[in-house]
Amino acid sequence: MNTGYDWRPEQARKSLNRILPEVETMFSDDIKQSVHEWQKFKNRLYAEWERLFIYLHQLYGWQYDFFYTLQQIVHSLVRYWMERPAELKSLDAKREADPFRFASEKMVGGVLYVDLFSDNLSKLDDHLPYFKKLGITYLHLMPLFTVPRGDNDGGYAVSDYRAVNPDIGSMDDLAKLAAALREEGISLALDFVFNHTSDEHIWAQKATSGDPDFLLYYWTFPDRELPDQFQKYLRDIFPTIRKGSFTWCEDMNRWVWTTFNSYQWDLNYANPEVFRAMAEEMLFLANQGVEVLRLDAVAFIWKRLGTNCENQPEAHTIIRAFNAMARIVAPCMSFKSEAIVEPNEVIRYIHPDECQLSYNPLLMALLWEALATQETRLLEYSLNKRNRIPEGCTWVNYIRCHDDIGWTFDDQDARDIGIDPMGHRHFLNQFYTGDYPGSFARGIPFQFNADTGDLRISGTLSSLAGLEDAVTRKDDELIEKAVRRINLLRSIMMSIGGIPLLYIGDEWGMLNDYTYLSDPSKAADSRWVHRSKKRWEAREDLADQNTLEWRFFHEMVKLINLRKTLPALQNGGMEVINTGNPHLFGYIRTFNHQRILIVNNFSEQQQLMDVEHLRNCNITGDVVNLLKDEILSLGNDMLLHDHQSVWLDISGS
């Protein structure tokens, strides 16, 4: 007996061959109208079905009506493909022919809140020339769906995935904007909040009314017996707001699992109806022209008693099943992972069959760590171990985003180089809230946990890098120091392996905005300090050129334009090098015959990279510093001024 026999591929084919004839009969009139397109769809269906079947069987194969689940999934796939606009089907074919488009050096992302940037979706269309001038090629719009009035976690408590918040527009407006962006070569990215819904979602309302089918859409309990057993292992996400992960619902007379806020009800993915319903919401968004879905809170979507209910194997299986469905219906769409967890777990979500893109929280946290310490030991050590990801995938590198900064470096990495991780996090929190002597930062504490000592940091790039403090002091020397820090971080974001993602506002030096404190619905959430409604228009008149905003913007545009001319900066190899100096962080980017050496000085003082370490990079003579278009003679040591970055073309060395 061959115990290694896997029966699933054969049964996958059998199940599809049983289901598909019925579906073809049901949709026969539509199929006759597009026989060629239908055949292409079937080819994708058969190519992806085996793995989709295996994923679904792993999740739901134990249930008595598993074949019904398969039938419903195939029906959903066919129906949403039938509804997919012809323009998007053409885009699918184009993207299938260029599957590594997001690895291009020409890919540059931007992220913004629609209401804070342009009031509404229709006005956002007016700013396309600004995005084109900046060089953006994919635009991520923060949550814009219908949410409860008042507290809604900045849009992450969704009440309807098929309706845009009426304050900013309609689904028709969104589809029109997606088309306009495509016309300009800009891909649209949206958040897919799929761990939970708001308590005002129709599913939650039906559950509250006692509908037994929709009670199973969420994790609800009649008493505290099971919640107390689960809670032993769970961490508090927003400890200053609430303790525990369960909320009593008076109307339902039951406890509800609420990992984040009491109005965000966790979905029960052990129920195949939840999986199918959320897959249909995903495909609906794909059919509006969304090309990238940021999968929110991926770590929390599967619950298992006796664990912390984070990063469970089934979470990966669910995402891979979604990935297979997207490949079948809308192959132009990619997934971006948002997993702000331990570094080893972050990487597990990154795979061509799971999330092709991933935020890089480790890089972000360690750049701020190096800026505070003026040393690059932890940055260099960690990236040497943890930056490699599967071929066909890419990091999304950011300095700031809508969220807080958590110090997500690996504790063992810190210990390996003689750093106490807990003490170091305490130092970083003191430094970035301005409580450490000599700190230049003006960050705001976020969610202090008295039980664990954990704290995160809010604030804009410019305020955290010292510009707010310098401007407040009206000190020109401090302003220049802050400018150099900001430019250093932006240079790394644009040159290190992956897609740079710019938090819109940082391109012109946006400072903290404290007006959120006067809004009762926002005052308790310090993240609103960097979610500013301020906007700066890039004008070309002489008066504008005397401002810091004009200077920041044009230096950013210059950097983006330079990036797009350098094939070595596509998502190819990224080799972290030993610079021989604990204040310098260096790496080599390579593609074909082009090699670029990037060296960054995190010190407040000038530093040297000695000739021996330069020779280890195979540099023996003159090279071009691409940032200044100047020739450097590197037969001797290389001098870098405080917070200077150099991009050296060493292709000929």
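The values are calculated or read from the model by the stated rules, or taken from the named source; none is laboratory data. None of these values were measured; they are calculated from a predicted model. Neighbour counts run over all protein chains shown; Cβ positions are idealised from the backbone, glycine included. Areas reflect the complete protein model, heavy atoms only, side chains present, ligands, DNA and RNA absent. Shrake-Rupley method; radii C 1.70, N 1.55, O 1.52, S 1.80 Å.
At pLDDT below 95, over 19 Å from residue 362 (Cβ atoms) and touching a helix residue (DSSP H, G or I) at 6+ places or on another chain (Cβ under 8 Å) - does that describe any residue in the stretch 452-465?
Yes, the stretch 452-465 contains at least one residue that is at pLDDT below 95, over 19 Å from residue 362 (Cβ atoms) and touching a helix residue (DSSP H, G or I) at 6+ places or on another chain (Cβ under 8 Å).
Would you point out which residue out of 563, 589 is farther than 26 Å from residue 505 by Cβ and either within 29 Å of the chain's Cα centre (by Cα) or among the aromatic types (Phe, Trp, Tyr) (or both)? Write out each step before concluding.
Working: 563 fails: farther than 26 Å from residue 505 by Cβ.
On inspection, the qualifying residue turns out to be 589.
Let's see how each residue does on (1) acidic (Asp, Glu); (2) in contact with a helix residue (DSSP H, G or I) (Cβ under 8 Å, 6 or more places away or on another chain); (3) part of a helix (DSSP H, G or I); (4) buried (at least 16 other Cβ atoms within 10 Å of the Cβ):
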| position | (1), (2), (3), (4) |
| --- | --- |
| 484 | no, no, yes, yes |
| 487 | no, yes, yes, yes |
| 494 | no, yes, yes, yes |
| 507 | yes, yes, yes, yes |
| 512 | no, yes, no, yes |
| 521 | no, no, no, no |
| 540 | yes, no, no, no |
| 553 | no, yes, yes, yes |
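List pairs: first in the stretch 592-613 and within 18 Å of residue 492 (Cα to Cα) and outside any loop (DSSP other than H, G, I, E, B), second open to solvent by 90 Å² or more (accessible area, probe 1.4 Å) and at pLDDT 95 or above, Cβ under 8 Å, 6+ apart or cross-chain?
That search, which allows pairs on different chains as well, returns 601/641.
Among the candidates 438, 423, 392, 453, which residue alone is assigned to a loop (DSSP other than H, G, I, E, B), free of Cβ contacts under 8 Å to residues at least 12 places away in the same chain and of a type in the set (Gly, Ala, Ser)?
438
What do you reckon, is residue 260 touching a His at 6+ places or on another chain (Cβ under 9 Å), assigned to a loop (DSSP other than H, G, I, E, B) and touching a residue at least 60 places away in the same chain (Cβ under 8 Å)?
yes
Restricting to the stretch 357-375, what's the tally of residues that are in contact with a strand residue (DSSP E or B) (Cβ under 7 Å, 6 or more places away or on another chain) and within 19 Å of residue 300 (Cα to Cα)?
Matching residues across the stretch 357-375 total 4.
Kindly establish whether residue 581 is touching a Cys at 6+ places or on another chain (Cβ under 9 Å) and open to solvent by less than 70 Å² (accessible area, probe 1.4 Å).
no
Do any residues in the stretch 340-366 that are without any contact (Cβ under 8 Å) to a residue 40 or more places away in the chain have Cβ atoms under 6 Å from those of residues that are among the charged types (D, E, K, R) and open to solvent by 40 Å² or more (accessible area, probe 1.4 Å), where the two are at least six apart or on different chains, and which pairs are they?
Correct list of pairs: 354/320.
Could you say which residue among 618, 571 is modelled with pLDDT under 90, more than 17 Å from residue 508 (Cα to Cα), open to solvent by 50 Å² or more (accessible area, probe 1.4 Å) and not in a helix (DSSP H, G or I)? Walk me through it before giving the result.
On the way: 571 fails: open to solvent by 50 Å² or more (accessible area, probe 1.4 Å).
Only one candidate passes the filter, namely 618.
Filter the stretch 247-262 down to residues that are open to solvent by 40 Å² or more (accessible area, probe 1.4 Å) and out of contact with any Ser or Thr (no Cβ under 6 Å at 6 or more places or on another chain) and give me whichever is nearest to residue 61 (Cα to Cα).
255
Does the stretch 192-206 hold any residues that are under 20 Å from residue 150 (Cβ atoms) and not small (Gly, Ala, Ser), and which are they?
Within the stretch 192-206, 193, 196, 197, 199, 200, 201, 202, 205 meet the criteria.
Restricting the search to the stretch 263-277, which residues are of a type outside the set (Gly, Ala, Ser), in a loop (DSSP other than H, G, I, E, B) and within 26 Å of the chain's Cα centre (by Cα)?
The answer is 263, 268, 269.
On the basis of being within 21 Å of residue 319 (Cβ to Cβ) and surrounded by 13 or more Cβ atoms within 10 Å (Cβ to Cβ), does residue 16 make the cut?
No: the conditions fail for residue 16.
Please work out which one of (1) at pLDDT 95 or above; (2) surrounded by fewer than 17 Cβ atoms within 10 Å (Cβ to Cβ) is the condition residue 119 fails and give its number.
(1)
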